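Enquirer: This is the structure, below, for whatever I ask next.
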Amino acid sequence: MTQVPGTDAEATDARTSPGPWLRARQQPHRRWLVLSAASTLVATLATIALAGLVAWAVHGTLFAPEAPYLPGILLAGLVLLALRYAAQALRDLAGHRLAFAVKQELRADLLRQARQAGPARLAGLTTAGAWAEQFQTRVEDLTGYYARYLPARQAVILTPLAILVAALWLDWLAALLLLFAAPLIPAFMAIVGMGAEQIHRRQQEEENRLAGHFLDRIRTLDWLRRARAIAATEAEVVERSHQQRRLTMRTLRVAFLSSAIMEFFSAVAIGMVAIYIGFALFGAIDYGPAGDITLFTGLFILLLAPEYFLPLRQFAQSYHDRAGALAAAETLAPALASPSGPVGPEHSPEATAAPDEGAVVPWLQLKGVTVHYPGQRTPTLAELDLAIHAGAHLALTGPSGSGKSTLLAVCAGFLTPTTGTVQRHPQARQFAWIDQDAHLFHGSLRDNLQLARRDTIADAEMATALQQAGLPLDAPELPDGLDTAIGEARRGLSGGQAQRVAVARALLSGHRLWLLDEPTSALDPDTEQALLDTLFRLAEARGLTLVIASHHAAIHERCLQRLDLAPATPGARHA
Ligand code: ADP
Ligand code: MG
């Protein structure tokens with residue numbers, strides 16, 4: 001497959017295909033790779049010097065007329081050994097710092113994306129389980145690649161090369177032997193590795209699925225219990241875990257097999273070098289340099305032979321890290337590359353309108369907004385023009401699927417239109433968001449309200465907001481006032497009361513643009529009317545701008561402005 005440089009296809013490819021993506025992530029932190037290469041080189045040179053020292057000492061002790069000065073040799077050996085281990089430690093450190101830096105940046109990017117995407121996209125794209133899995137486990141899967149694989153890849157070139165040069169200088173026949181033995185190992189590893197990569201990838205996919213599956217079951221535990229589906233779910237979860245275990249064992253088998261192959265071939269290669277040196281020392285080979293081999297040369301090369309193969313073995317082992325990282329990159333890269341809009345970030349013609357003197361600038365001005373989700377035949381929103389002025393109460397109406405939530409997401413900035421522009425008054429940059437299900441987190445009522453703002457909110461202010469939202473603190477459902485524990489299942493609160501907490505939260509946020517997506521669709525008609533009374537009373541009192549997506553007539557009746565998104569001929573629906 002060839003690609004013309006500079007085409008769009010290539011640009012997307014580089015952004016999402018795992019290999020280039022992994023490389024791109026390490027680019028800003030290249031200095032750690034330089035450090036690890038330098039320390040690898042220092043460690044190798046120290047090792048070579050150490051082998052030379054030992055060979056020289058043995059040779060000198062046996063054959064030299066004057067025995068070498070042992071304490072001096074011992075001291076020099078210790079210094080070289082210390083240097084070698086220090087350099088290796090530095091190399092490990094550099095690798096881990098690189099991995100740390102890359103992961104931290106990646107998590108920040110993921111978080112930023114989640115924040116930009118907002119509820120609309122996140123809910124549509126992925127389950128909470130898959131996202132959490134991505135954020136934690138997938139990112140963690142990159143550790144091996146940066147901390148072990150990349151440094152090992154440097155060592156696999158630098159170390160054998162340096163040793164080869166030393167051997168070549170002493171005995172080119174031995175060097176030749178080493179040279180030919182070296183490719184054996186990567187060749188076999190590649191064969192095993194290819195299979196391993198596939199299995200590894202499948203395992204990760206399965207893990208991802210398992211996590212999402214499990215979390216979804218946990219979240220719906222209440223419903224499952226009511227549906228008497230606990231036993232069946234239990235059996236299903238157990239079966240899935242067994243599947244996962246079998247797959248893990250397969251991955252491990254391949255890993256063990258490949259390291260066995262590795263050990264075998266390096267043992268054979270070292271054996272070959274040893275046989276050559278042995279025969280040469282006996283004088284059985286009189287070809288080339290073999291004739292005048294000495295104990296020094298023989299020992300030197302023999303001591304270096306295992307060191308020569310060591311990086312190859314380490315590289316082969318870290319090959320699994322690479323497989324793991326590639327698999328992780330396959331989910332992470334598209335997740336990060338996926339634009340905050342349905343088509344691409346190339347189109348982000350979003351501007352802040354400069355508040356003109358005199359002219360009334362709408363809070364939100366949509367011009368020619370088209371949203372076309374990939375894979376959909378027709379655009380969800382087509383050439384939509386809309387101006388929302390301060391204080392407006394706008395109902396977005398239309399049947400389910402007509403694009404109400406999509407338009408709301410465009411207004412919020414969660415979604416960038418495929419074409420068209422959204423101009424935003426500075427006052428409309430911040431907004432409160434309420435949807436049909438008030439998310440109440442595990443914690444006290446106070447904790448849940450505090451989410452509205454960064455600065456600490458005083459109890460009195462919370463109490464007022466609750467009062468105005470129609471959930472006074474002396475309500476029987478709030479026995480401990482602000483300290484009442486409300487869980488994820490909004491313990492003790494009815495649906496309507498939970499929505500009132502959401503309204504209080506919106507009030508506390510101080511934002512004057514409120515975007516509401518089906519705020520009452522989970523409520524019965526009486527509760528709905530009561531909540532709407534509260535909502536519109538507050539909107540009047542505070543001059544709020546409301547944009548409400550709903551298919552409930554009760555809401556339509558109360559809004560002065562209506563925009564019907566019912567699928568009709570484009571142009572006909574611009575109210
Ligand atoms: P409504 O809120 O009026 O029910 P939506 O805005 O949720 O409508 O959806 C409008 C259309 O856009 C539907 O056909 C839906 O399938 C599609 N849609 C919504 N979100 C996405 C998405 N993230 N990816 C692809 N299609 C989507
Ligand atoms: Mg909707």
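Enquirer: For a quick protection proxy, order the peptides 73-81, 161-169, 234-242 by their average other-Cβ count within 10 Å, most packed first.
Expert: Ranked by mean Cβ neighbours within 10 Å, highest first: 161-169, 73-81, 234-242.
Enquirer: Taking a cut-off of 21 Å, what percent of all Cα-Cα pairs in segment 346-574 are separated by more than that?
Expert: 57 percent
Enquirer: Let me ask something additional. Kindly rank 25-33, 149-157 from highest to lowest mean number of other beta carbons found within 10 Å of each residue.
Expert: Highest to lowest by the protection proxy: 149-157, 25-33.
Enquirer: Let me ask another. With charges set only on the Cβ (+1 for Lys and Arg, -1 for Asp and Glu), what does the dipole of segment 8-336 come to about its Cα centre, in debye to the nearest 20?
Expert: Dipole of segment 8-336, to the nearest 20 debye: 1420 debye.
Enquirer: Which one of LEU179, ALA147, ILE230 is farthest out on the positive end of the charge dipole of segment 8-336, using unit charges on Cβ (Lys, Arg +1; Asp, Glu -1) and the Cα centre as origin?
Expert: Positive-end residue among those listed: ILE230.
Enquirer: Please report the spacing between the Cα centers of segment 162-178 and segment 65-80 in Å, no decimals.
Expert: Comparing the Cα centres of segment 162-178 and segment 65-80, I get a distance of 25 Å.
Enquirer: Among the complete DSSP H segments of the chain, which ones combine at least 27 Å of alpha-carbon extent along their axis with a mean Kyte-Doolittle hydropathy of 1.0 or more?
Expert: Those that clear 27 Å and a mean of 1.0 are 30-63, 150-170.
Enquirer: Additional query: Taking the Cβ-Cβ separation of PHE279 and ALA86 as r and a Förster radius of 45 Å, what is the calculated FRET efficiency to the nearest 0.05?
Expert: Taking R0 as 45 Å, the efficiency between PHE279 and ALA86 is 0.75.
Enquirer: Summing Lys, Arg as +1 and Asp, Glu as -1, what charge do residues with Cβ under 10 Å from the Cβ of TYR149 carry, TYR149 excluded?
Expert: After counting each charged neighbour, the total is +2.
Enquirer: Note down the magnitude of the dipole of the chain about its Cα centre, charges +1 on Lys and Arg C-beta and -1 on Asp and Glu C-beta and zero elsewhere, to the nearest 20 debye.
Expert: 380 debye
Enquirer: Follow-up. Taking Rh as the Kirkwood radius, which is the inverse of the mean 1/r over Cα pairs, what is the Rg/Rh value for segment 8-336?
Expert: 1.12
Enquirer: Just the number, please: percent antiparallel of the DSSP beta bridges in the chain, rounded to the nearest 5.
Expert: Beta bridges within the chain, antiparallel portion: roughly 40 percent.
Enquirer: Using Cα centres only, tell me the gap between segment 216-242 and segment 386-459 in whole Å.
Expert: Distance between centres, Cα-based: 34 Å.
Enquirer: Which number comes out as Rg/Rh for the chain once both Rg and the Kirkwood Rh are worked out on C-alpha atoms?
Expert: Taking Rh as the inverse mean 1/r over Cα pairs, Rg/Rh reads 1.15.
Enquirer: Of all the Cα-Cα pairs you can form in segment 235-311, what percent are over 20 Å apart?
Expert: 56 percent
Enquirer: When only DSSP loop residues count, what chymotrypsin sites (Phe, Trp or Tyr not before Pro) in segment 410-515 have their Cβ near at most 15 other Cβ atoms within 10 Å?
Expert: Those that pass, being in a loop and sparsely packed, are PHE441.
Enquirer: What are the residues whose amide H is under 5 Å from the amide H of SER444, where those residues sit 5 or more places off or on another chain and H is modelled from the backbone?
Expert: The answer is ILE486.
Enquirer: Counting other C-beta atoms within 10 Å, which of THR47, THR421 has the fewest, and how do the rest follow?
Expert: THR421, THR47
Taken together, the values in this text are just the output of simple stated rules run on the coordinates, not laboratory data. Everything numeric here is computed off the predicted structure, so don't read it as measured data. FYI the Cβ positions are ideal-geometry reconstructions off the backbone, even for glycines, and counts take in every protein chain you see.
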